Amino acid sequence: MELFIEWTYKSKNGTEATFRSEFMPAAHALTIGEDIEKTGRAKNLTYNDQYDTTWLPKEIKKYLKEMETEPHNVKVYFDGGYDVQSQEAGLGVAIYYEQNGKWYRMRRNAPAQGLASNNEAEYAALHLSVVELELLEVHHQKVQFIGDSQVVINQMSGEWPAYEKELASWADRIDEKLKTLGIKPQFELVPRKLNAEADRLATQALQGVDITGQIELQDKYES
């Protein structure tokens, strides 16, 4: 989770001015905020997240304590595949994260019916990844989402508008769930070869091969 600090500074002659910091990691914000208050010239100091929710110092400390045992440093790979002849889709998700000082990888795929295009399958895969994050109890933090779909990555990051009704609906559902979880997404477009794991999972789902599993990694670079 990232926060910004807002406070009013009062000079010796009584002149006041209000300041607002940039967003920064919660622990960093708490340290700086406490230092600002020690000057004795700050008042109305608040900590706020990207949704303009105000956090008390004790709530931030509780959050930081919980984060030691909850998944963090999360990176998500997603991909969707669509077979025109069968009109079926396959979704693939690989999630890497740190918890209790160890690194883990979670893999999940699923078949999907009722979709009409490869772009919709890509959106469905992204939605599946967010559902899995919720099950992992990932919340109030920055998460990196990596995919090879220009349409999904550029639309979700706001670079492209979503004119198609079906795709716009998926985008709205995903945005709403991310907001509910307090997740600040970072979307990254990569070549297909760098998204091979999620692509393989989506293909296996189309072939009827079900994969759901989680393993501990020796280090965060293992795949």
- Task: For the chain, report the accessible area per residue in Å² (1.4 Å probe, heavy atoms, rounded to an integer).
- Result: 55
- Message: Below 11 angstrom from the Cβ of VAL131, what's the summed charge of the other residues (Lys, Arg +1; Asp, Glu -1)?
- Response: +1
- Query: What pairs from LYS61/LYS184; LYS58/LYS142; LYS43/LYS65; LYS10/LYS62; LYS142/LYS177 go past 24 Å between their alpha carbons?
  - Reply: LYS43/LYS65; LYS10/LYS62
- Message: Please give the Cα centre distance for segment 186-203 versus segment 21-100, rounded to the nearest Å.
- Response: 24
- Note on the structure: Row for segment 81-223, column shape: gyration tensor on C-alpha, a ≥ b ≥ c, rounded if a/c < 1.5 i.e. under 1.5, prolate if a/b over b/c, else oblate; value oblate
- Item | Rounded percent of accessible protein surface that carbon and sulfur make up, the chain, 1.4 Å probe | 47
- Quote to one decimal, in nm, the extra length available between SER86 and PHE4 on full extension: 0.36 nm per residue of separation minus the C-alpha distance between them. 24.5 nm
- Message: Below 8 Å between Cα atoms, with a sequence gap of 6+, how large is the relative contact order for segment 97-223 in percent?
- Response: 45
- Expressed as a rounded percentage, what relative contact order does the chain have, with Cα pairs under 8 Å and six or more residues apart? 22
- Quick one: P(r) of segment 141-223 from all Cα-Cα pairs, 10 Å bins, percents rounded to integers, in order of increasing distance. 15, 35, 41, 9, 0
- Message: Using only the alpha-carbon atoms, how far is helix 118-135 inclined from the longest principal axis of the chain? Give it as 0 to 90 degrees, nearest 10.
- Response: 50
- Excluding LEU178 itself, what net charge comes from residues whose Cβ is under 12 Å from its Cβ, given Lys and Arg +1 and Asp and Glu -1? +1
- Item | Among MET24, MET106, MET67, residue whose mean-square fluctuation peaks in a GNM of the chain (springs only between Cα atoms under 10 Å) | MET24
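The values are calculated or read from the model by the stated rules, or taken from the named source; none is laboratory data. These numbers were taken from a predicted model, which means no experiment stands behind them. All Cβ positions, glycine included, derive from the backbone under ideal geometry; neighbour counts span all protein chains shown. We work out accessible area using only protein heavy atoms, side chains counted, and drop any ligands, DNA or RNA first. Shrake-Rupley method; radii C 1.70, N 1.55, O 1.52, S 1.80 Å.
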